[in-house]
Amino acid sequence: MDFMFTPEQEALREEFDQYARELMRYAPPGWGSSIEFMYSDDGWDFTRQTHKKLAQKGWLVRAWPKEYGGVDAPVIEQLIFSEVMGYHGVPTGDILTVGMIAPTLLAIGSEEQKKEHLPPIARAERYWCQGWSEPNAGCDLASLTTRAERKGDEYIVNGQKTWTSNAHHADWCFMLARTNPEERRSRGLSFLLVDMKSPGITVRPLISMSGRHLYNEVYFDDVHVPVKNRVGEENDGWRVTRATMNFERTGIGGVSGGRRTIERLVATCKQVRWNDKTLADNPLVRHKLAQLAIEIEAGHALAYRIAWAQQKGEFITAAPLASASKVYGTELALKIANTACEIFGLYGQVALSRWAIMAGKYQDDYQFLPGMNIGAGSSELQRNIIANIALGMPRTW
């Protein structure tokens with residue numbers, strides 16, 4: 001693996017960096033305090049405006065083919081863009097939209113589906129949510145019960161989805177539904193694209209521990225979905241879903257964002273005093289900070305390894321690496337939040353006060369990030385995937 005960039009790539013990185021700094025001058029108060037903030041009423045306008053600006057510069061989907069709104073840039077250039085923007089906390093296109101459904105359509109979708117959905121995504125004009133989890137089917141997604149009964153050239157969808165991120169803002173939903181009730185588990189599922197304006201869809205908020213609105217319950221009551229909106233073959237939705245999951249787990253933005261968080265944490269420890277010394281003078285604190293910095297570097301290397309494998313077309317190799325990156329990244333993010341709360345003690349638990357450290361970021365992360373170890377497939381599930389695909393061990397599920 002070559003870690004060196006060409007002079008042209010370094011110049012591109014500098015251009016991205018300068019523009020990111022300019023964009024963040026207009027971030028609303030509280031931005032960066034929580035991942036949920038970008039989807040909140042206070043943050044959503046800034047998120048959409050930023051996506052528009054990045055789309056107008058042709059950066060949002062650089063690696064896509066030109067016919068769908070990209071510039072045919074190498075995967076590595078897209079990685080550099082994501083890394084720089086992640087470091088500065090710039091929203092780079094909703095992960096569900098640009099990071100999941102778009103690459104799925106590029107790889108598996110029909111030409112009609114690509115032409116209908118990809119250009120609006122590239123222009124930051126269409127947002128998506130993910131209709132997978134159900135009240136009794138989360139990480140065990142194959143046990144879902146939402147039905148899609150085919151009648152002529154339509155499916156009639158009935159069921160409930162839960163923990164649906166950003167459904168309250170989404171224009172479309174990509175979902176799994178059971179199209180063959182005679183089959184069990186992953187067999188008999190189909191991958192459908194559903195217009196959220198369709199009659200019969202009800203969205204209800206699920207407010208998180210931090211009091212913010214990211215998640216939702218979504219109910220489908222006799223919702224009509226054209227058969228042309230099915231991705232892949234009928235009853236073959238599990239294969240499409242696995243591809244979508246791998247796209248979701250390959251981003252570097254979280255790693256670079258974690259690097260920035262640690263830098264800010266170190267700077268804060270150099271300023272906060274306790275017993276006539278700064279926190280950074282405490283050897284136990286210094287050890288904790290050093291360990292986090294080391295682990296961020298390991299996560300950075302892993303994310304680059306995935307991009308390198310993808311650029312060379314090693315998608316089978318990239319799949320277990322993506323699972324490894326997901327486990328490592330989400331568990332490290334939670335560790336950073338937990339460590340910060342340990343370092344600052346009671347002050348790390350304060351929000352909305354002049355006593356709050358970094359505007360209460362760490363207590364917010366402490367409440368939110370445990371869910372990230374479950375979302376997109378729990379850490380336990382990811383370890384099973386790594387064992388089965390990468391190590392050749394027998395399946396346990």
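For the range 349-385, which positions are basic (Lys, Arg) and without any contact (Cβ under 8 Å) to a residue 12 or more places away in the chain?
Taking the range 349-385 as the starting set, the residues that turn out to be basic (Lys, Arg) are 354, 361, 383.
Once the filter is applied, which keeps residues that are basic (Lys, Arg) and without any contact (Cβ under 8 Å) to a residue 12 or more places away in the chain, the range 349-385 yields only 354.
Just need a number here: residues in the range 316-355 that are over 15 Å from residue 255 (Cα atoms) and among the charged types (D, E, K, R).
Of the residues in the range 316-355, the ones over 15 Å from residue 255 (Cα atoms) are 316-320, 338-355.
Among the residues that remain, those that are also among the charged types (D, E, K, R) are: 342, 354.
The qualifying residues number 2.
Note down all Cβ pairs under 7 Å where the first residue falls in the range 276-299 and is free of Cβ contacts under 8 Å to residues at least 60 places away in the same chain, the second is outside any helix (DSSP H, G or I), and they're at least six residues apart or on different chains.
If the second residue must be outside any helix (DSSP H, G or I), the pairs left are 278/272.
Given the condition among the hydrophobic types (A, V, I, L, M, F, W, C), assigned to a loop (DSSP other than H, G, I, E, B), surrounded by 14 or more Cβ atoms within 10 Å (Cβ to Cβ) and without any contact (Cβ under 8 Å) to a residue 24 or more places away in the chain, answer yes or no: does some residue in the range 23-31 qualify? Steps first, please.
So in the range 23-31, the residues among the hydrophobic types (A, V, I, L, M, F, W, C) come out as 23-24, 27, 31.
When the remaining residues are screened for being assigned to a loop (DSSP other than H, G, I, E, B), the result is 27, 31.
From the residues that got through so far, the ones that are surrounded by 14 or more Cβ atoms within 10 Å (Cβ to Cβ) too are 27, 31.
Narrowing further to those that are without any contact (Cβ under 8 Å) to a residue 24 or more places away in the chain: none.
Within the range 23-31, none of the residues are among the hydrophobic types (A, V, I, L, M, F, W, C), assigned to a loop (DSSP other than H, G, I, E, B), surrounded by 14 or more Cβ atoms within 10 Å (Cβ to Cβ) and without any contact (Cβ under 8 Å) to a residue 24 or more places away in the chain.
Could you say whether any residue in the range 327-334 is touching a Phe, Trp or Tyr at 6+ places or on another chain (Cβ under 9 Å), part of a helix (DSSP H, G or I) and modelled with pLDDT of 85 or more? Before you say what the answer is, go through the steps one by one.
The initial filter retains those residues of the range 327-334 that are touching a Phe, Trp or Tyr at 6+ places or on another chain (Cβ under 9 Å), namely 334.
Still in the list and also part of a helix (DSSP H, G or I): 334.
Then drop every residue that is not modelled with pLDDT of 85 or more, which leaves 334.
Yes: one or more hits.
Modelled with pLDDT of 90 or more, charged (D, E, K, R) and within 21 Å of the chain's Cα centre (by Cα), is that true of residue 66? Quick ask: steps written out before the conclusion?
Working: modelled with pLDDT of 90 or more: yes; charged (D, E, K, R): yes; within 21 Å of the chain's Cα centre (by Cα): no.
Criteria not met by residue 66.
Tell me, which residue of the range 36-57 that is modelled with pLDDT under 90 and of a type outside the set (A, V, I, L, M, F, W, C) is nearest to residue 15 (Cα to Cα)?
Per the stated criteria, the residue is 43.
Name the residue, out of 116, 111, 154, that is closer than 18 Å to residue 175 by Cβ and either touching an Asp or Glu at 6+ places or on another chain (Cβ under 7 Å) or without any contact (Cβ under 8 Å) to a residue 12 or more places away in the chain (or both).
Values: 111 fails: closer than 18 Å to residue 175 by Cβ; 154 fails: either touching an Asp or Glu at 6+ places or on another chain (Cβ under 7 Å) or without any contact (Cβ under 8 Å) to a residue 12 or more places away in the chain (or both).
It is 116.
Output the number of residues of the range 39-49 satisfying the condition of being over 17 Å from the mean Cα position of the chain (by Cα) and either closer than 14 Å to residue 123 by Cβ or not assigned by TED's automatic domain parsing to the domain that holds residue 85 (or both).
So the count comes out to 1.
Of the residues 146, 92, only one is more than 17 Å from residue 254 (Cβ to Cβ) and surrounded by 16 or more Cβ atoms within 10 Å (Cβ to Cβ); which?
Working: 92 fails: more than 17 Å from residue 254 (Cβ to Cβ).
Exactly one of 146, 92 is more than 17 Å from residue 254 (Cβ to Cβ) and surrounded by 16 or more Cβ atoms within 10 Å (Cβ to Cβ), namely 146.
I need the full set of residues from the range 86-101 which are touching a residue at least 40 places away in the same chain (Cβ under 8 Å) and within 13 Å of the chain's Cα centre (by Cα), in order please. Spell out how you get there, then give the answer.
Here is the first cut: in the range 86-101, the ones touching a residue at least 40 places away in the same chain (Cβ under 8 Å) are 86-96, 99-101.
Across the range 86-101, the qualifying residues are 86, 91, 92, 93, 94, 95, 96, 99, 100, 101.
Can you tell me which residue in the range 120-162 is nearest to residue 57 (Cα to Cα), limited to those that are aromatic (Phe, Trp, Tyr) and touching a Leu at 6+ places or on another chain (Cβ under 7 Å)?
Initially, the range 120-162 is screened for residues aromatic (Phe, Trp, Tyr), giving 127-128, 132, 155.
If we keep only those that are touching a Leu at 6+ places or on another chain (Cβ under 7 Å) as well, we get 128, 132, 155.
On the way: 128: 22, 132: 33, 155: 39 Å.
Here the answer is 128.
Of all residues in the range 292-326, which are surrounded by fewer than 17 Cβ atoms within 10 Å (Cβ to Cβ) and at pLDDT below 75?
Correct list: 311, 312, 313, 314, 315, 316.
Test residue 36 against the criterion of being among the acidic types (Asp, Glu), over 23 Å from residue 165 (Cα atoms) and in a helix (DSSP H, G or I), and give yes or no.
Values: among the acidic types (Asp, Glu): yes; over 23 Å from residue 165 (Cα atoms): no; in a helix (DSSP H, G or I): yes.
Considered against the rule, which asks whether it is among the acidic types (Asp, Glu), over 23 Å from residue 165 (Cα atoms) and in a helix (DSSP H, G or I), residue 36 comes out as no.
Filter the range 117-147 down to the residues that are hydrophobic (A, V, I, L, M, F, W, C) and in a loop (DSSP other than H, G, I, E, B) and list them by number.
Taking the range 117-147 as the starting set, the residues that turn out to be hydrophobic (A, V, I, L, M, F, W, C) are 118, 121-122, 124, 128-129, 132, 137, 139, 141-142, 144.
Those that are hydrophobic (A, V, I, L, M, F, W, C) and in a loop (DSSP other than H, G, I, E, B): 124, 132, 139, 144.
When residue 112 is evaluated against the numbered criteria (1) farther than 23 Å from residue 223 by Cα; (2) at pLDDT 95 or above; (3) not hydrophobic (A, V, I, L, M, F, W, C), which criterion, by number, is the only one it fails?
(1)
Filter the range 39-58 for residues that are in contact with a strand residue (DSSP E or B) (Cβ under 9 Å, 6 or more places away or on another chain) and outside any helix (DSSP H, G or I); which is surrounded by the most Cβ atoms within 10 Å (Cβ to Cβ)? Steps first, please.
Filtering the range 39-58 down to residues in contact with a strand residue (DSSP E or B) (Cβ under 9 Å, 6 or more places away or on another chain) leaves 39-41.
Within this subset, residues satisfying the condition of being outside any helix (DSSP H, G or I) are 40-41.
On the way: 40: 17, 41: 11.
Once the filter is applied, the top-ranked residue is 40.
The values are calculated or read from the model by the stated rules, or taken from the named source; none is laboratory data. Keep in mind it's a predicted model, so treat the numbers as computed, not measured. Methodologically, a virtual Cβ is constructed for each residue, glycine included, from the backbone with ideal geometry; neighbour enumeration extends over all protein chains shown.
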